Structures are given as structure tokens and as C-alpha cells.
Amino acid sequence: MSEYYLVDVKSISSKVPRSQFSEDELEMLARSILDAGGLLIPLLLKQTGAESYDVLAGDRQYYAAVKAREINPRQAETVNAFVVAEKSAQAAIQQFSVLYPEPHDRSPQRPPTDGIDQRLSNLESRLESALQEIKQSQKQDVQRLEQQIQTLQKQIPPKVEALEIFNSASSVELLQKLKSAGITGKNATKLITAIEMARAEEKFTSFTDIVKRTNGLGLPRMLAILDAWNHRV
Amino acid sequence: MKTIAIYHNKGGVGKTTTAVNLAAAFRNRGKRVLLVDIDAQANSTFATGLIKFQFEEDDDIKDKNILQVISAGDFDFIPEIVRQSKEFNTPEIDVIPSHITLIDEQQRLNRLAASRLRLNTKLQLVEDDYDIVIIDAPPSRDLYAEIALIAADYLIIPSDMKPFANQGLANVKNFVGEVNETRASIGKAPLHVLGVLPSKVMTNSRYLEYVFPRQRETALQHYGFPIFDTVIYERVVLSNCINQTLTMGKLEIPDPKSIFEFDSDSDSVKEFRNLANEIQQKIGA
Ligand SMILES: Nc1ncnc2c1ncn2[C@@H]1O[C@H](COP(=O)(O)OP(=O)(O)O)[C@@H](O)[C@H]1O
Ligand SMILES: [Mg+2]
């Protein structure tokens, strides 16, 4: 069985070195993957672990997908692929090579002629994979850092200033807030209307300003509200 | 961090009621709690006060919910999506909300090879931030239920113990078996079934004396699941606390509460405390 999936690009690896393909061509293909909203000739993959795959055929498209992800990491996080079972692998590869002969052929386009060529291409592929590894681990570090920063930010209690609540809370939020200060029903509705009218004219600049400009909100009530909010935080 | 999924493939048996009030019970003991809603009906999201808006344009959940968590691998991590419950409990709990768009996206996600594992992976990244994670799963045997059971360490199966719910236990059992295969493939131990939780159980004394013990015995004998000692009885306060509203002019605004916030002297509070105790004993949290 060959199943059609969206597979995470980062979980795929290829045994063919990237340097074998022209960067310009990969760039062009990558742009077209992004513009067309996907890769139109799916990769053939073999699953090697819970979240790892090897390219069976379509190395060029694979590197184009990698490039697309470099350009737009969110949009091109995944790529269209057939995940091929072990026993159908041979047949699938053959079908693929008949349908899409030239560029998808896995065999190197220029067979190494002499020793130097061979060594050069080996060097190339080693460099490529080392580079990939560095990129990968750097990305993971950045991710981990971002994660930690977010966690830290979360631990800093979100101190919403009471003044800010008066200035920008929606009616529903005000209703909730007033309720926590024991003001409900008609009283709350009236007060909210008064607050909204006053702040529409001009933002409140201080608690004194609120008391001065809000109908029906005297100093004692204001203090009661602030006390109640303080206790809840 | 201990992750507990609340699941039964039958609806209306009290999964959401259990999930949100159990989350509150643990939070009230000082535990750092995360509630994950992965049911497209978003009942837990509603019950924790996150759906107070009246108009679609005020919907602030649509683009930041569980869907994003399971769609993206390199983006939308838990700390970016999480929010605090609103006027639900003192102290409030952290919630990953759900959204009705989950229904439309299921087909696409089914084709996404890694979607089954993303929640699991992202929860691992916050394992130092939470003591307890509770996942409210949908009443179906689909991708979302699978995601919940892959991410969890433990499973609680609320059941009203009536024949339909009991028969459904066979289904739950098979499903757990399937999920365990996937868990094995990522090196995760089999799901630990804490047990069937008798929930929404009638307080009628004849029922409790004659019928309930037999139903309990059947569940135990037929399906081999352990059964909780704690029973969550059917009590009006438990549905009332979710259905609270505030009125403002002509608007009725939902104002749901945890049972602890709504009526701290109720029998239901005692039952949820007992449940939290029993779970803590079983999982050592
Ligand atoms: N123990 C209980 N006592 C009274 N009503 C309950 C109880 N448990 C659940 N309910 C009510 O039953 C309905 C379904 O419960 P819910 O928790 O949403 O179930 P599920 O999540 O399994 O579909 C809700 O209206 C809820 O308020
Ligand atoms: Mg539910």
C-alpha cells in the first residue's frame, strides 16, 4: 500500500547530496511550490521511524521543498508525499522512473570519471550533510530559547492596571469586573454606560479623574472597587 | 507532569463536567493545571468562561486554539496558544481552547502524517510548567480522540453505568489497544487506564441499592476495567454552575463557574475532592 500524506519536511532525509542540483533551479521550483500551494508531483518516501523518512524517489523535488521551507517556514512546513510500504517500494520506484524519467532519476547525472571528481563529490556531500546538521541544531536551539522566554513571560503575572481596565475593558469585561466588586444588575449597567460615556470623551488620566467625570461613581464606591480587585489578583 | 485524558465514545456521560471540575479541584490544591479541550463542541472552552462573546466578529479563539497546536510543528507552541480561564475559578486555570472549525479541518489533518503526534510533542516541551494536564476528548473514535489518547499518560472513562454506556466500553477497550500500537512506535508506555468513573449517577435510593451495584459489577466483569470508588452523583448544582449568566441590558452573557466557585458547600464539591484524592493516590501526584 502506498499512502498519500502531508509529511513534515524536517523529518525527511535524502542520500543524494543537494549540491547535485542547481541552486537556481531549486529556487525556481521552491517558488512554484509556494505559489501553487504545494508540490504537484509527490515524493516517494520510506518510513524509517515514527517521525523519520528517507527519499526513495524525487530527490530534486525534496530539495526544492527544503528550499521552499527556508523561504517560508510556516507555509512550507509539510510536503505532499506517498509513503510506500517496504514490499511495494521497488514497483513504486519503477513506476515513478517511467512516468518522470530524466530529472527524477536517482543515479548521478555525471558519473564520476576520475579519483579527484569522486573525492570532490564525496567532500561535497559530507559538507552538505554537516551543514544540514548545524542548521538543524541551531534551529532547535532557537526554538528552545523562544520556548523558555515564553514560559518566563508567562510567569510574570499580567498586572493589568486598574486604570487600564476603566479605559479599555469591553462592556462584558467591565460587567465581570464590577460583579467581582459586588456591583450587579441595574447598578452595574448604569455604571458601565456612565464609564463608557466619560471615556469616549477623553481617556481617564487618574482615579480622581474617573470619580470626577463618571456619573454615579463616588469616592467610597471607587475605593470599594479597587479594594475588591486587589484581593482577587 | 501527569497527563490525564477524559474519554468515552458516548456523549453526555459527564466527560466535560468531570474535566473542568477536576481541573479546578487540582488547581485549588496548588497544582499547576492545564486543561486541553480537543472536542469540536468546545464545551470545556465554554465552561471555563472563554466564550462570552455574543458576535462572531468578537471571536478571539478562532485563530488561536488546539487546531493550531496540532497543525503546525515549528509554530504555535502551548505557551503561545494558552489562555487563562475567565471568572471560572479562584485561582483560574490555564486552558488550550477548542473551536468548531476542528470539524472542517479533520480531513486535512488526517492526511498530515505528524498530526497524531504534535500535541504529545508540544506537551513534552512544557512538562516543567505544569503538574497536571487534563484533556477533554470528543465522544467519538476519530483523529482527535486518538491525539488525546496518544498524548495522555492516564485515562479516566466517565460512564453513567447504564447499558448503552457500558456496552460502549468494549469500543473504548479496542480503541485503547489501537492507540497503544502507535504509542509503542514512539517509545511510549501503554496508556494506563485509571478506571471507569461512575458519573451522573441517580441518587434514588432503590436504584442505588439494587440496580447500581449490578451495573458496576457488569462493567468490572465484562470489560476488565477498574472502577473508581468515587461516584459523581447527578445533582442539579453541577449543571447550574455551567449555566450561570449575567444580564446587561438586553444581553445575556454566559458566566459559567466551577462547582467550587459556585457552591463550595455542595455535595458535588466533596465528590470532586474525593475524586482528586483517589486520582492522586493512583498516580502519585
Ligand atoms: N453529575 C451530574 N449531575 C447533573 N448534571 C450533569 C452531571 N454530569 C453532567 N451533567 C449534565 O449533563 C450534560 C452532559 O454533560 P457533559 O459533562 O457535557 O457530558 P459529555 O462531555 O460527556 O458530553 C450537561 O448538560 C451537564 O450539565
Ligand atoms: Mg463534552
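The values are calculated or read from the model by the stated rules, or taken from the named source; none is laboratory data. Nothing here was measured: the structure is a model prediction, and the numbers come from that model. Note that each Cβ is placed from the backbone with ideal geometry, even for glycine, and that neighbours are counted across all protein chains shown. All accessible areas refer to the heavy atoms of the entire protein, side chains included, with ligands and DNA or RNA removed. Shrake-Rupley method; radii C 1.70, N 1.55, O 1.52, S 1.80 Å.
Grab the DSSP H runs of chain B that are 4 residues or longer, score each as -39,500 (n - 2.57), total them, divide by all residues and round the 222 nm result to the nearest 500 deg cm²/dmol.
Working: 12 runs with 120 residues, N = 285.
Estimated from H runs of four or more residues: -12500 deg cm²/dmol.
First measure r as the distance between the Cβ atoms of B:D153 and A:A89, then evaluate 1/(1 + (r/R0)^6) with R0 = 51 Å and state the FRET efficiency to the nearest 0.05. Mind showing how you got there, number by number?
Values: r = 36 Å, r/R0 = 0.71.
Once rounded, the FRET efficiency stands at 0.90.
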- the protein assembly as shown - convex hull of the alpha-carbon atoms, volume per residue in Å³: 186 Å³
- Just the accessible area for B:R235, please: 1.4 Å probe, Å², rounded to the nearest 10? 60 Å²
- Highest-MSF residue in chain B out of B:Q84, B:Q41, B:Q54 [GNM, Cα springs under 10 Å]: B:Q54
- Task: Take the Cα gyration tensor of chain A, multiply each eigenvalue by 5, square-root it, and list the three semi-axes largest first, rounded to whole angstrom.
- Result: 65, 19, 16
- Query: Each label point is 7 Å from the Cα along the Cα-to-Cβ direction; what then is the distance between the points at A:V211 and A:L120, in nm?
  - Reply: 8.5 nm
- Query: Calculated FRET efficiency, A:S52 and B:D229, Cβ-Cβ r, R0 60 Å, to nearest 0.05?
  - Reply: 0.85
- Query: Setting aside same-chain residues fewer than 8 positions from B:K173, which aspartates and glutamates have a Cα under 15 Å from its Cα?
  - Reply: B:D142, B:E146, B:E181
- Label-point gap, in nm, between B:D104 and A:T193 - each point 7 angstrom along Cα→Cβ: 3.8 nm
- In chain A the DSSP beta bridges are antiparallel at a rate, in percent to nearest 5, of 70 percent
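Semi-axes, largest first, in whole Å: what does sqrt of 5 times each Cα gyration tensor eigenvalue give for the stretch B:231-282? Could you put the intermediate results ahead of the total?
Working: eigenvalues 160, 21, 13 Å².
In descending order, the three semi-axes are 28, 10, 8 Å.
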- Query: Running Debye on the stretch B:75-209 with equal point scatterers at the Cα sites and no solvent, what base-10 log of I(q)/I(0) appears at q = 0.15, 0.19, 0.22 Å⁻¹?
  - Reply: -0.90, -1.29, -1.49
- Query: Setting aside same-chain residues fewer than 8 positions from B:K86, which aspartates and glutamates have a Cα under 13 Å from its Cα?
  - Reply: A:E173, B:D94, B:D255, B:E261
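In square angstrom and rounded to 100, what buried accessible area do you get between chains A and B, total over both, with the probe at 1.4 Å?
Details: alone 15790 and 12850 Å², together 25710 Å².
The buried area between A and B, both sides summed, comes to about 2900 Å².
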- Item | Dimensions (Å) - the stretch B:2-283, Cα atoms, principal axes, largest first | 55, 53, 33
- Message: Which lysines, if any, have their Cα less than 17 Å from the Cα of B:K122, not counting same-chain residues under 8 positions apart?
- Response: A:K10, A:K139, A:K154, B:K2, B:K64, B:K188
- Estimated FRET transfer efficiency (A:D35, B:V211; beta-carbon r; R0 60 Å; 0.05): 0.40
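Report Rg(Cα)/(2.2 N^0.38 Å) for the stretch A:142-231, keeping two decimals. Intermediate results must be reported in sequence, preceding the final value.
Working: Rg = 16.3 Å, N = 90, 2.2 N^0.38 = 12.2 Å.
With N residues counted in the stretch A:142-231, Rg over 2.2 N^0.38 Å equals 1.34.
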- Query: How long is the gain from B:A184 to B:T203 if the chain were fully straight, where each residue apart is worth 0.36 nm and the alpha carbon distance is subtracted?
  - Reply: 2.7 nm
- Query: Amide H of B:K257: which non-local residues (sequence gap of 5 or more, or other chain) have their own amide H closer than 5 Å, using H built in the peptide plane?
  - Reply: B:I242, B:Q244
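Chain A: longest stretch without exposed GluC sites (Glu not before Pro) (DSSP loop, at most 10 other Cβ within 10 Å), sites themselves excluded? Display every interim value, and only then the final one.
Values: sites that count: A:E161, A:E202.
For GluC sites (Glu not before Pro) (loop position, at most 10 other Cβ atoms within 10 Å), the longest site-free span of chain A is A:1-160.
Leaving out ligands, DNA and RNA, and with a 1.4 Å probe, what % of the accessible surface on the stretch A:2-102 is carbon or sulfur?
Working: 2610 of 4930 Å².
The C+S portion of the solvent-accessible surface of the stretch A:2-102 is 53 percent.
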- Task: Could you state how much accessible area A:S88 has, in square angstrom rounded to the nearest 10, with a 1.4 Å probe and all protein chains kept in place?
- Result: 30 Å²
